[in-house]
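Below is one structure, written out as structure tokens, with a few remarks after it.
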Amino acid sequence: VDLPLLADTWVHAGTPDTNYDGYAALVLFTTGLDNALLSFDRSALPTNATILDADLTVFVTFESGATGKRLTALNVENFDPTSVTFADHPTYFNPGPDQFLPPEPGEMHLTVADQVTNWDQLPVPTLDGKPLGQLALAVSGPYAGRVALASLESWPPGRHARLRVTYLP
């Protein structure tokens with residue numbers, strides 16, 4: 001089942017009181033403090049389903065600094081994508097396996113089955129009455145720099161994060 005992305009944003013230590021919902025990119029810095037936050041509509045996914053696979057697809061649009069950066073998906077405690085800021089101190093946990101960024105801008109895939117399974121252990125936030133499954137993305141690497149990912153507001157449209165989950169009820 002494909003779970004639609006309802007909202008995306010990012011938090012930035014340099015502007016701790018700013019919410020970036022509606023920004024045309026998701027910008028992550030290798031500090032590990034500046035992370036992307038994703039909110040998916042999980043209504044098509046039954047509670048306590050057995051997750052067999054979950055593939056998160058993101059579109060890398062830009063990378064600064066040296067190559068060798070890695071992207072990691074994590075669980076994150078509930079947040080409101082329309083108001084969350086760095087100053088709110090989102091809590092991240094349960095990091096998945098990191099993946100090296102592609103050498104050129106383009107799609108990349110992350111395995112997030114453990115993170116999706118973990119959604120059933122958390123209170124379920126809602127947005128416009130729809131139950132959310134939320135993930136965070138962090139970038140790391142041996143060198144300073146940043147990475148930009150396509151967001152819901154990016155042009156051309158359709159390159160935002162996508163989540164496909166295979167499960168048993």
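The values are calculated or read from the model by the stated rules, or taken from the named source; none is laboratory data. None of the values given here were measured: they were computed from a predicted structure. Don't worry about glycine lacking a Cβ; one is built from the backbone with ideal geometry, like all the others, and counts go over all protein chains shown.
Could you count how many residues in region 102-118 are among the small types (G, A, S) and surrounded by 15 or more Cβ atoms within 10 Å (Cβ to Cβ)?
Let us first name the residues in region 102-118 that are among the small types (G, A, S), namely 106, 113.
Remaining after also requiring surrounded by 15 or more Cβ atoms within 10 Å (Cβ to Cβ): 113.
So the count comes out to 1.
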Applying the selection to region 14-62, what residues are of a type in the set (F, W, Y) and not in a loop (DSSP other than H, G, I, E, B)? F29, F40, F59, F62
Filter region 77-110 down to residues that are touching a helix residue (DSSP H, G or I) at 6+ places or on another chain (Cβ under 9 Å) and part of a strand (DSSP E or B), then give me how many there are. 1
Within 19 Å of H12 (Cα to Cα) and either small (G, A, S) or assigned to a loop (DSSP other than H, G, I, E, B) (or both): is that true of E153 in this structure? yes
In region 28-58, what count of residues is obtained for those that are over 21 Å from L168 (Cα atoms) and surrounded by fewer than 20 Cβ atoms within 10 Å (Cβ to Cβ)? 4
Quick one: Q99 ticks every box in (1) surrounded by 15 or more Cβ atoms within 10 Å (Cβ to Cβ); (2) touching a residue at least 40 places away in the same chain (Cβ under 8 Å) except a single one, so which number is it? (2)
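Out of A138, A150, A144, report the one residue that is surrounded by fewer than 16 Cβ atoms within 10 Å (Cβ to Cβ), of a type in the set (A, V, I, L, M) and under 23 Å from G68 (Cβ atoms). Before the answer, list the steps.
Values: A138 fails: surrounded by fewer than 16 Cβ atoms within 10 Å (Cβ to Cβ); A150 fails: surrounded by fewer than 16 Cβ atoms within 10 Å (Cβ to Cβ).
Exactly one of A138, A150, A144 is surrounded by fewer than 16 Cβ atoms within 10 Å (Cβ to Cβ), of a type in the set (A, V, I, L, M) and under 23 Å from G68 (Cβ atoms), namely A144.
Could you list, in sequence order, all residues of region 72-107 that are β-branched (V, I, T) and either in contact with a Lys or Arg (Cβ under 8 Å, 6 or more places away or on another chain) or under 12 Å from A138 (Cα atoms) (or both)?
Taking region 72-107 first, the residues β-branched (V, I, T) are 72, 76, 82, 84-85, 91.
Of everything in region 72-107, those that are β-branched (V, I, T) and either in contact with a Lys or Arg (Cβ under 8 Å, 6 or more places away or on another chain) or under 12 Å from A138 (Cα atoms) (or both) turn out to be T72, V76.
Of all residues being of a type in the set (A, V, I, L, M, F, W, C) and more than 17 Å from the chain's Cα centre (by Cα) in region 29-78, which is farthest from D128 (Cα to Cα)? Just the residue, please. So that I can check it myself, show each step before the final result.
The initial filter retains those residues of region 29-78 that are of a type in the set (A, V, I, L, M, F, W, C), namely 29, 33, 36-38, 40, 44-45, 49, 51-52, 54, 56, 58-60, 62, 66, 71, 73-74, 76.
If we keep only those that are more than 17 Å from the chain's Cα centre (by Cα) too, we end up with 44-45, 49, 51-52, 66.
Details: A44: 15, L45: 17, A49: 23, I51: 25, L52: 28, A66: 41 Å.
Going through the qualifying residues, I end up with A66.
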Contact list, first residue from region 33-46 and within 17 Å of Y92 (Cα to Cα), second anywhere and of a type in the set (S, T, N, Q), beta-carbon distance below 7 Å, six or more apart or interchain, is L37/T9; L37/Q134; L38/Q134; S39/Q134
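Might you let me know whether region 68-76 holds any residue that is in contact with a helix residue (DSSP H, G or I) (Cβ under 8 Å, 6 or more places away or on another chain) and more than 23 Å from P97 (Cα to Cα)?
From region 68-76, those in contact with a helix residue (DSSP H, G or I) (Cβ under 8 Å, 6 or more places away or on another chain) are 73-75; that's our starting set.
Right, trim to more than 23 Å from P97 (Cα to Cα) and you get none.
No; the residues of region 68-76 include none that is in contact with a helix residue (DSSP H, G or I) (Cβ under 8 Å, 6 or more places away or on another chain) and more than 23 Å from P97 (Cα to Cα).
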Which pairs have Cβ atoms under 6 Å, sit 6 or more apart or on different chains, and link a residue in region 113-133 that is under 22 Å from D55 (Cβ atoms) and small (G, A, S) to one that is at pLDDT 95 or above and assigned to a helix (DSSP H, G or I)? G133/W119
Quick check: is even one residue across region 119-134 farther than 25 Å from S83 by Cβ, touching a Lys or Arg at 6+ places or on another chain (Cβ under 9 Å), of a type outside the set (D, E) and crowded, with 19+ Cβ neighbours inside 10 Å? no
